[in-house]
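Notes follow the structure.
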């Protein structure tokens, strides 16, 4: 396109009014300026676009061809402006969140449910990846916010703590009973059982591998599993000993469906929270979500305390 948008705006307005004088009043520019712009556009496209009549100007056949396309373009622009105006009035936006499948199910959903209720015009995209991948997506500006386990190095990432999580090893009573029948002692359970862990790309797995190495626990038989729900399901049917987040199996532990394997040295608790980049611009919808979860997490925390007291 050899001409700028203002030239086509002038052409479009003159064509609609059929009169240079009327177009000048509508566009708040002089008649000579309009005539000069039309002349320059005609020279650029290589043909006459208007012919003079007793009432003003009319489009030539070539002008009509160009007008059809210019008209469509300006109608599209007008529609875009209207949609933008309405989206601002309604608070429409797009929020992109990265989170692991486990944290999405057990921690993100309560926040999303209430946020969507309060902000029905904000569309939400969820990318389910490991914490490591979520951090890469944040760095590349492909998501607005991530729900992650706190890494050692945050660089340009701001981290808002939500809660602590505790990793534990669990199995069924029957599985533990069978190990004991084979003469395996409590301190030998991890090294003598089928140990089920998240795959090696997961930050939780890396954390557990460090724990096992630091405590010189050598694993003879292990199964890598892609997500926490499968780990829990396999543990429930007695496949082996699973490393899971304790709060996610609270009901199983309370009912006796699973039992926690005692450890001589407990695994340190980890922090989980929302993270976002501190440099660069932020989408309005992302800012609204940040303000929301900062206030709503207090509500969830107090509700959990109340439920605990009622249960006790």
Next item on the list: List the residues of segment 16-30 whose backbone N lies under 19 Å from a point placed 7 Å from the Cα of residue 75 along the Cα-to-Cβ direction.
Entry: 16-18
Check: What's log10 of I(q)/I(0) for the chain at q = 0.10, 0.15 Å⁻¹, Debye sum over Cα points only, no solvent?
Finding: -0.72, -1.15
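If packing is taken as the average number of other Cβ atoms within 10 Å across a peptide's residues, how do 240-251, 96-107, 71-82 rank, most packed first? Present the calculation step by step, with values, prior to reporting the outcome.
Working: 240-251: 19.4, 96-107: 21.2, 71-82: 11.3.
So the peptides 240-251, 96-107, 71-82, ranked by packing, come out 96-107, 240-251, 71-82.
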Next item on the list: Take the alpha-carbon centre of segment 93-170, take the same for segment 42-60, and report the distance between them in whole Å.
Entry: 59
Next item on the list: Only helical DSSP H runs with n ≥ 4 go in: add -39500 (n - 2.57) per run for the chain, normalise by residue count and round the 222 nm mean residue ellipticity to 500 deg cm²/dmol.
Entry: -15500 deg cm²/dmol
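So for each of 38-48, 267-277 I average, over its residues, the number of other beta carbons within 10 Å; can you give me the resulting order with the highest mean first?
On the way: 38-48: 13.9, 267-277: 17.8.
Top to bottom by mean Cβ count within 10 Å: 267-277, 38-48.
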Next item on the list: Kindly express, to the nearest 10 degrees and within the range 0 to 90, the angle between helix 31-45's C-alpha long axis and the longest C-alpha principal axis of the chain.
Entry: 70
Notebook entry, point to check: Over all Cα pairs of segment 167-268, how is the pair count split among 5 Å bins, expressed in % and running from 0 up to the last occupied bin?
Noted result: 2, 13, 26, 28, 20, 9, 1, 0
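Looking at the calculated P(r) for segment 196-253, what percent of the C-alpha pair distances fall above 20 Å? Could you put the intermediate results ahead of the total?
Numbers: 380 of 1653 pairs.
More than 20 Å apart: 23 percent of the Cα pairs in segment 196-253.
If the chain between residue 85 and residue 45 were fully stretched, how many nm would it gain, using 0.36 nm times the residue separation less the Cα-Cα distance? List each step's numbers first, then the result.
Values: separation 40, 0.36 × 40 = 14.40 nm, distance 3.44 nm.
Gain on extension, residue 85 to residue 45, equals 11.0 nm.
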Check: Taking the convex hull of the alpha carbon atoms in segment 1-139, what volume per residue do you get, in Å³?
Finding: 165
Note to self: Output the 0 to 90 degree angle, nearest 10, between the alpha-carbon long axis of helix 203-214 and the longest principal axis computed from the alpha carbons of the chain.
What the structure shows: 30
Notebook entry, point to check: Helix 5-17 versus the longest principal axis of the chain: what is the Cα-based angle in degrees, 0 to 90, to the nearest 10?
Noted result: 50
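Only the coordinates and a few stated rules stand behind these numbers; no lab work does. Since we're looking at a predicted model, the values are computed, not measured. Heads up, the Cβs are rebuilt from the backbone with ideal geometry, glycines too, and the neighbour counts pull from every protein chain shown.
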